[in-house]
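The values are calculated or read from the model by the stated rules, or taken from the named source; none is laboratory data. Since the structure is predicted, the reported quantities are computational estimates derived from the model, not experimental observations. Every residue, glycine among them, receives a Cβ derived from its backbone with ideal geometry; neighbour counts consider all protein chains shown.
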Amino acid sequence: MAVHRFEPSVWHNVLATRQAALSVADGDTVITPTLDAAGFDKDGVNRASGPNPMNGPIFVAGAEPGDALCVEIVRMTPIRDRGWTRAALAANVVDPERVRDLPPRDRADWIIDLANHTVRLEHTVPGLEQLVLPLEPMIGCFGVAPGLGQAFSTATSAETGGNMDYRGFGPGAKVWFPVVVPGALLFLGDCHAVQGDGEIVGTGVETAFEVEVRLSVVKGQAQVWPRGETATAILTVGNARPLEQALQHATTAMLDWLAADYGLGAVAASHLLGQVVRYDIGNVYDPAYTVVCRVDKKWLPARSA
């Protein structure tokens, strides 16, 4: 199984069927530097336009429609000591009558302490003079090409992934995407040093990373939506608007997973989810919202044979 160092020269603002920039074998590892959400590289040079320019696409040999592509996030290393956010909440996350009171959406710069793995505002504001956050890397936007010749913007998300901005998609996580075109065609980028649930200011702390991922094909694993696994939980993702529709997609995907891999019928799955499910909020800023349906592994039965 090979290790590929992928240095892009072209970036993409859509997930779509495009000529592959790199071809790899099942099980290979890819190490690649990303741009920030506005297209700036590790040296602060503007290399591409926003939103969220993606590296790729990466063609994975053996991936065919009806399979799943497993993306294991092995490592995320920040390669820049600065990041940025917006300085005001998004208008859609507060009551309508409060929108007029929101401050301007100015850019705010952050310092990333690479030695101490912390993040802080460059220019503090009253009340937050002592705010120092832990570095918590995550991939904001990644996924595979949709089918039927479709393309969707990196400003949003759909069945095959995209700009989900879920803070659980960091080092150690595995994420499975439904393959709908030959080779899957993986895109990734838009990495954050830290971000709260929902990306409710429209950004995380946007910066550049070197990302290491291991790519594996799971033959015959039919799924409609992305699913993932961390050290402690399994999760399914729904991307849609309104928020309740995203929740419905995520819950249905979890029902399907519990039946296929854990042998749980509808009654058993209902009892389990009714008492132990947790819902996490991914992006609620973009056209499609993201809801994650999560179940801790300690509650799961043994996998079906």
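When the stretch 83-97 is filtered for residues that are among the small types (Gly, Ala, Ser) and outside any strand (DSSP E or B), the ones remaining, listed by number, are Ala87, Ala88, Ala90, Ala91.
Among the residues making up the stretch 271-287, a single one is buried (at least 23 other Cβ atoms within 10 Å of the Cβ) and small (Gly, Ala, Ser): Gly282. Of the residues making up the stretch 288-305, those that are buried (at least 16 other Cβ atoms within 10 Å of the Cβ) and either in contact with a Pro (Cβ under 7 Å, 6 or more places away or on another chain) or free of Cβ contacts under 8 Å to residues at least 12 places away in the same chain (or both) number 0. Test Leu243 against the stated conditions and say whether it is over 25 Å from Thr32 (Cβ atoms) and either of a type in the set (S, T, N, Q) or surrounded by fewer than 19 Cβ atoms within 10 Å (Cβ to Cβ) (or both). Here the answer is yes, as Leu243 does meet what is asked. Applying the condition of being touching a Ser or Thr at 6+ places or on another chain (Cβ under 6 Å) and assigned to a loop (DSSP other than H, G, I, E, B) to the stretch 178-195 and asking which residue is nearest to Arg80 (Cα to Cα) yields Ala193.
Is it the case that the stretch 129-139 has a residue that's free of Cβ contacts under 8 Å to residues at least 60 places away in the same chain and in contact with an Asp or Glu (Cβ under 9 Å, 6 or more places away or on another chain)? Looking for residues that are free of Cβ contacts under 8 Å to residues at least 60 places away in the same chain and in contact with an Asp or Glu (Cβ under 9 Å, 6 or more places away or on another chain), one finds at least one in the stretch 129-139, hence yes.
Within the stretch 44-61, not a single residue is surrounded by fewer than 21 Cβ atoms within 10 Å (Cβ to Cβ), touching a strand residue (DSSP E or B) at 6+ places or on another chain (Cβ under 6 Å) and either among the aliphatic types (A, V, I, L, M) or assigned to a loop (DSSP other than H, G, I, E, B) (or both). Does Leu15 satisfy the criteria of being under 17 Å from Asp190 (Cα atoms), touching a residue at least 24 places away in the same chain (Cβ under 8 Å) and assigned to a strand (DSSP E or B)? So Leu15 fits the description; yes. When the test is whether a residue is assigned to a loop (DSSP other than H, G, I, E, B), surrounded by 15 or more Cβ atoms within 10 Å (Cβ to Cβ), modelled with pLDDT of 95 or more and over 17 Å from the mean Cα position of the chain (by Cα), Ala20 passes it. Of all the residues in the stretch 226-236, those that are hydrophobic (A, V, I, L, M, F, W, C) and over 19 Å from Leu272 (Cβ atoms) number 1.
Restricting Arg98, Arg47, Arg80, Arg5 to those that are touching a residue at least 40 places away in the same chain (Cβ under 8 Å) and either within 21 Å of Gly228 (Cα to Cα) or among the charged types (D, E, K, R) (or both) reduces the list to Arg80. Is it fair to say Glu97 is acidic (Asp, Glu), modelled with pLDDT of 95 or more and surrounded by 12 or more Cβ atoms within 10 Å (Cβ to Cβ)? Here the answer is no, as Glu97 does not meet what is asked.
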